[in-house]
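The values are calculated or read from the model by the stated rules, or taken from the named source; none is laboratory data. All of these numbers come straight from a predicted model, not from anything done at the bench. Please note: Cβ atoms are built from the backbone with ideal geometry, for glycine as well, and neighbour counts cover all protein chains shown.
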Amino acid sequence: MKHSSLKLLMVLFLFSGSASCKKETTVPEENTHESLRTLPSHAALFHTKQFSGKVATDWFTLEADLCRTTPGFGPGISGRALAYTALALYESVVPGMPSYQSVFSRVTGEKFNIDHKKDYYWPATANASIAEIIRKLFVATNTTNKAAINRLEAKYLASYQDKATVEQLNSSVEFGKMVANAVFNWSKSDGGIPPFGAYSPTLPVPSGLWEPTPPFFAPGVSPNWGNNRSIIPAVSSMPLPPPPTTFSEDPSSAFYKMANDVYQQSTRLTADDILLVKTWFDLPENYNGQTHLTKVLTQLIKEENFDLEKTAAAYAHHGIAVSDAAIPCFKAKYAYKLVRPITYIRKVLGHSTWNTVFPTPPHPEYTAAHAAISGASATVLRYYFGNNYPFTDHTHDALYGPFSYNTIEEYEKGSGWSRVLAGVHYLPSVEVGLEQGRTVGNLVLAFPFKKE
């Protein structure tokens with residue numbers, strides 16, 4: 001970029017006050033109206049669906065990289081950030097969605113003051129709101145990432161200069177920031193901010209209960225995550241799932257057979273099995289399950305060319321479901337404290353040097369967290385795309401190649417099954433985890449996003 005162009009872009013950025021189901025239709029890049037619109041004071045707000053969802057998909061693409069490169073943004077923390085970003089996006093444009101209503105107001109009792117006499121430019125409110133909340137959520141990220149946030153915000157703001165008046169843009173940016181700050185302030189009360197503490201069992205550990213696993217023998221992480229406040233209230237009050245399979249060391253028992261199935265499966269892994277495990281483990285690129293699931297949604301939104309209304313609703317449903325699903329899952333983990341396969345296989349089955357494909361995550365076995373978030377994700381994807389929706393996941397093309405799925409159910413079960421193939425979960429933990437996630441997804445979809 002020439003120096004003069006860069007200088008112009010920075011002037012626009014500073015002036016704004018922002019320095020701190022297949023394709024059926026083609027959505028206009030931003031709007032179908034004249035470039036500089038001035039409405040009479042009594043006019044109704046323009047509709048969010050008149051705009052492209054590209055501003056949102058670009059932001060969530062960047063946020064996935066922020067989750068990957070910001071220290072501390074592993075599972076749980078990443079999902080939480082993506083959920084609150086999605087909520088801020090939704091709330092920043094919902095006044096232009098006549099069939100929808102504020103979720104934030106329903107769960108907090110707080111209302112946003114929207115001036116219906118102003119002609120808000122919804123892409124600008126979305127841009128400002130996402131940029132503002134991402135800065136707050138990723139305050140500790142590196143300077144390269146902070147510069148990327150600034151560039152993306154400035155790029156979109158500059159692109160709106162010939163599509164809306166200065167007054168319209170200023171009002172839009174102001175409203176977007178107000179929404180982001182309100183959502184961020186509410187996020188601080190959910191229990192999802194470090195430090196989280198750790199769980200170390202009293203020694204000797206009784207048979208059947210979780211103990212730190214090789215190779216790191218780390219204490220259990222996030223023992224209180226199950227007590228967090230969910231975004232959708234009904235999720236926090238979900239009952240525990242049924243108890244896991246009764247522990248036994250008897251070779252004729254169901255538990256012994258369940259653990260032996262994991263071991264036997266590990267002896268016949270194919271090259272395709274290993275690729276499936278690795279793509280859902282998300283290393284060495286350092287994504288995690290919640291980020292990966294969000295990247296899939298972003299890919300599908302782009303392929304289907306969603307308008308801004310549908311994009312905002314999809315990200316809100318998906319982000320909240322995937323984040324909230326971890327809460328009842330971790331509540332079950334630390335309620336039952338079930339032993340992991342590697343401990344049982346080494347100590348009871350006698351395969352003392354047996355190993356998993358990747359290290360077992362440091363928390364109890366039941367239920368499977370990756371399955372829970374996958375079940376929540378798939379439930380939302382089915383709502384937007386239908387179950388019989390073939391697609392290819394391109395998240396790790398460069399490393400492992402594309403992964404194609406004939407249906408959303410195949411995608412969901414493949415994600416969960418990868419943990420059994422890896423040796424880190426028993427099959428029932430995955431099956432119950434998937435069901436937990438589906439329940440959360442349905443609770444999110446049943447919440448009155450749309451007006452009653």
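What to note about this one:
- Ile327 vs. criteria at pLDDT 95 or above and within 24 Å of Pro242 (Cβ to Cβ): yes
Results for (1) among the basic types (Lys, Arg); (2) at pLDDT 95 or above; (3) under 23 Å from Tyr405 (Cβ atoms); (4) outside the structural domain of Gly208 (by TED's automatic domain parsing), shown as yes or no for each residue.
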residue: Ala335; (1), (2), (3), (4): no, yes, no, no
residue: Ile342; (1), (2), (3), (4): no, yes, no, no
residue: Arg346; (1), (2), (3), (4): yes, yes, no, no
residue: Trp354; (1), (2), (3), (4): no, yes, no, no
residue: His363; (1), (2), (3), (4): no, yes, no, no
residue: Ser377; (1), (2), (3), (4): no, yes, yes, no
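- Unique residue being among the small types (Gly, Ala, Ser) and modelled with pLDDT under 95 when the list is Ala164, Ala128: Ala164
- Hey, Phe385 surrounded by fewer than 24 Cβ atoms within 10 Å (Cβ to Cβ), touching a Leu at 6+ places or on another chain (Cβ under 9 Å) and modelled with pLDDT of 95 or more or not: yes
- When Ser4, Ser102, Ser20, Ser35 are checked against the criterion of being of a type in the set (S, T, N, Q) and either modelled with pLDDT of 95 or more or closer than 24 Å to His318 by Cβ (or both), Ser102 stands alone in meeting it.
- Criterion violated by Val430 - all others in (1) crowded, with 24+ Cβ neighbours inside 10 Å; (2) farther than 17 Å from Leu269 by Cβ; (3) in contact with a Gly (Cβ under 7 Å, 6 or more places away or on another chain) satisfied: (2)
- Set Ser207, Ser222, Ser187: member being in contact with a Phe, Trp or Tyr (Cβ under 8 Å, 6 or more places away or on another chain), hydroxyl-bearing (Ser, Thr, Tyr) and surrounded by fewer than 17 Cβ atoms within 10 Å (Cβ to Cβ): Ser207
- Leading residue by the ranking (surrounded by the fewest Cβ atoms within 10 Å (Cβ to Cβ)) among those in the range 258-273 that are assigned to a helix (DSSP H, G or I) and among the hydrophobic types (A, V, I, L, M, F, W, C): Ala271
- Asp250 vs. criteria assigned to a loop (DSSP other than H, G, I, E, B), at pLDDT 95 or above and either of a type outside the set (Asp, Glu) or assigned by TED's automatic domain parsing to the domain that holds Leu434 (or both): yes
- Only one of the listed residues (Ala378, Ala368) is crowded, with 24+ Cβ neighbours inside 10 Å and closer than 19 Å to Ala218 by Cα. That residue is Ala368.
- Flag if Thr343 is more than 20 Å from the chain's Cα centre (by Cα) and either of a type in the set (Ser, Thr, Tyr) or under 28 Å from Tyr90 (Cα atoms) (or both): yes
- Taking each residue of the range 311-332 that is more than 15 Å from Gly74 (Cα to Cα) and not assigned by TED's automatic domain parsing to the domain that holds Ser230 and looking for partners that are outside any helix (DSSP H, G or I) and hydroxyl-bearing (Ser, Thr, Tyr) with beta-carbon atoms closer than 7 Å, six or more apart or interchain, yields nothing.
- Qualifying residue in the range 221-236 (condition: assigned by TED's automatic domain parsing to the domain that holds Ile130, among the basic types (Lys, Arg) and out of contact with any His (no Cβ under 6 Å at 6 or more places or on another chain)): no
- Pair list, Cβ < 6 Å and 6+ apart or interchain, from the range 423-441 residues that are under 24 Å from Trp354 (Cα atoms) to residues that are aromatic (Phe, Trp, Tyr) and crowded, with 24+ Cβ neighbours inside 10 Å: Ser429/Tyr366
- When restricted to residues that are under 19 Å from His425 (Cβ atoms) and either outside the structural domain of Gly208 (by TED's automatic domain parsing) or assigned to a helix (DSSP H, G or I) (or both), the range 274-299 contains 12.
- Looking only at residues of the range 43-85 that are touching an Asp or Glu at 6+ places or on another chain (Cβ under 7 Å) and among the β-branched types (Val, Ile, Thr), we find that the one that is nearest to Pro284 (Cα to Cα) is Thr85.
- Of all residues in the range 144-167, those that are among the hydroxyl-bearing types (Ser, Thr, Tyr) and within 16 Å of Thr69 (Cβ to Cβ) total 1.
- Residues (surrounded by fewer than 21 Cβ atoms within 10 Å (Cβ to Cβ) and either of a type in the set (Phe, Trp, Tyr) or at pLDDT below 95 (or both)) located in the range 47-70: His47
- Ser159 being in the same structural domain as Ala124 (by TED's automatic domain parsing), buried (at least 20 other Cβ atoms within 10 Å of the Cβ) and either in contact with a helix residue (DSSP H, G or I) (Cβ under 7 Å, 6 or more places away or on another chain) or within 30 Å of Asp119 (Cβ to Cβ) (or both): no
- Checking each residue in the range 293-342 for being of a type in the set (Phe, Trp, Tyr) and in contact with a helix residue (DSSP H, G or I) (Cβ under 9 Å, 6 or more places away or on another chain) picks out Phe306, Tyr315, Phe330, Tyr334.
- Highlighted here are the helices (runs of 4 or more DSSP H) found entirely within the range 47-133 that include at least 2 residues which are of a type in the set (Gly, Ala, Ser), in contact with a helix residue (DSSP H, G or I) (Cβ under 6 Å, 6 or more places away or on another chain) and not assigned by TED's automatic domain parsing to the domain that holds Asn228: 54-69, 77-93.
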